[in-house]
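Everything on this sheet refers to the single structure shown next.
The values are calculated or read from the model by the stated rules, or taken from the named source; none is laboratory data. Bear in mind the structure is a predicted one, so any value in this text is a computation, not a measurement. Here the Cβ is made from the backbone with ideal geometry for all residues, glycine too, and neighbour counts use every protein chain on show.
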Amino acid sequence: MVPPEGTDHPLSSATAALLKGVASPVFYSINKVGKRRSGALSLMNASVGSEVVPIVALQPYGKGQVLGVATDTIWRWGRMDGDIAGACHQFWRDTIRYLSGEIEGGRFLTVKWDRKRYRSSEEAVAEIGVVGRYAEGAVHLTGTVEHAGTTVSLPIVLKEGSDFQTRVFFPEPGDYTITVEATLAGEPLDNYTRIIRVGSNVSEAADLAVDHPFLENLAARSGGAYSREGDREALMRRLEALLLTSADPHDTPLVKKGALFDLLPIYVILLMAAMLWEWILRRRMNIV
């Protein structure tokens, strides 16, 4: 069974559409797990007696996604006849595309955004492709952008063949619902919906609290001092005391003799003694 949240989710919507034409699809084995954690989304369920057990569940974690599959028999669907075989291939295809975060879409539409996150006053560029070979102009795309209760049309440009491009401008923070519908010869082909949350790029797990003890220790290492935002008066008094201390008059010599100048007389005496001793030796040896 595919619950309503699984029917509308981009990872499982195409699979759910295929399973509608299958009479009582069956899992041949399941792993009974505990209750879903907060934030987890059940995309596919199974009934075990009178109990409904989640088989496929998705949960955001940090900047990524975690998918849990509590069965190892989906591969059996691929060996069957009819729509259930297509459901098997569609499920794994959409799973890889969604978890990689590079390409999204439904059964026939593929959408690739130029960035993973956006801030206000930025523009997003999306490349839209249509799976399959169609004559140029046979597939027609329309789109809308909904934000703060206002819906506007989305400009979609045909590039070549079945490749399209669209641009979305985000004037302010908030949630923007992007909807794209594809028709083939006037008949619905596929649709794509995504909610883009525009705002800060800081991770939801980031700790923005100021670590005061760390900053105090860091300042003390170099002989400095750290003051909190509310300690402005104490900071001003400390700076005033430092300025008064540095203003005390004291004598500083302009020229300072080094150790070499203190030892210079000794070197002169030693040199004169060596020259005298050489003169005496020369006299004794009748060299001079």
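Evaluating residue 4 against the criteria (1) exposed (fewer than 12 other Cβ atoms within 10 Å of the Cβ); (2) in contact (Cβ under 8 Å) with a residue 24 or more places away in the chain; (3) closer than 27 Å to residue 196 by Cα leaves one unmet condition, (2).
Of all the residues that make up region 42-87, how many are surrounded by 14 or more Cβ atoms within 10 Å (Cβ to Cβ), under 27 Å from residue 197 (Cα atoms) and not hydrophobic (A, V, I, L, M, F, W, C)? The number of residues fulfilling the criteria is 4.
Would you call residue 225 surrounded by fewer than 15 Cβ atoms within 10 Å (Cβ to Cβ), aliphatic (A, V, I, L, M), in contact with a helix residue (DSSP H, G or I) (Cβ under 7 Å, 6 or more places away or on another chain) and assigned to a loop (DSSP other than H, G, I, E, B)? Don't jump to the end; show me each part of the working.
Values: surrounded by fewer than 15 Cβ atoms within 10 Å (Cβ to Cβ): yes; aliphatic (A, V, I, L, M): yes; in contact with a helix residue (DSSP H, G or I) (Cβ under 7 Å, 6 or more places away or on another chain): yes; assigned to a loop (DSSP other than H, G, I, E, B): yes.
Criteria met by residue 225.
Within region 113-137, restricting attention to residues that are surrounded by 14 or more Cβ atoms within 10 Å (Cβ to Cβ) and at pLDDT below 85, the residue that is nearest to the chain's Cα centre (by Cα) is 129.
Listed residues 29, 24; which is assigned to a loop (DSSP other than H, G, I, E, B), over 29 Å from the mean Cα position of the chain (by Cα), at pLDDT 85 or above and among the small types (Gly, Ala, Ser)? Working first, answer last.
On the way: 24 fails: at pLDDT 85 or above.
Just one listed residue meets the conditions, 29.
Would you mention how many residues in region 171-191 are more than 21 Å from the chain's Cα centre (by Cα) and part of a loop (DSSP other than H, G, I, E, B)? Number of matching residues: 3.
Residue-level check: of (1) aliphatic (A, V, I, L, M); (2) over 30 Å from residue 62 (Cα atoms); (3) in a helix (DSSP H, G or I), residue 158 misses just (3). Does region 59-81 include one or more residues that are within 25 Å of the chain's Cα centre (by Cα), assigned to a loop (DSSP other than H, G, I, E, B) and among the acidic types (Asp, Glu)? Among the residues of region 59-81, not one is within 25 Å of the chain's Cα centre (by Cα), assigned to a loop (DSSP other than H, G, I, E, B) and among the acidic types (Asp, Glu), which makes the answer no.
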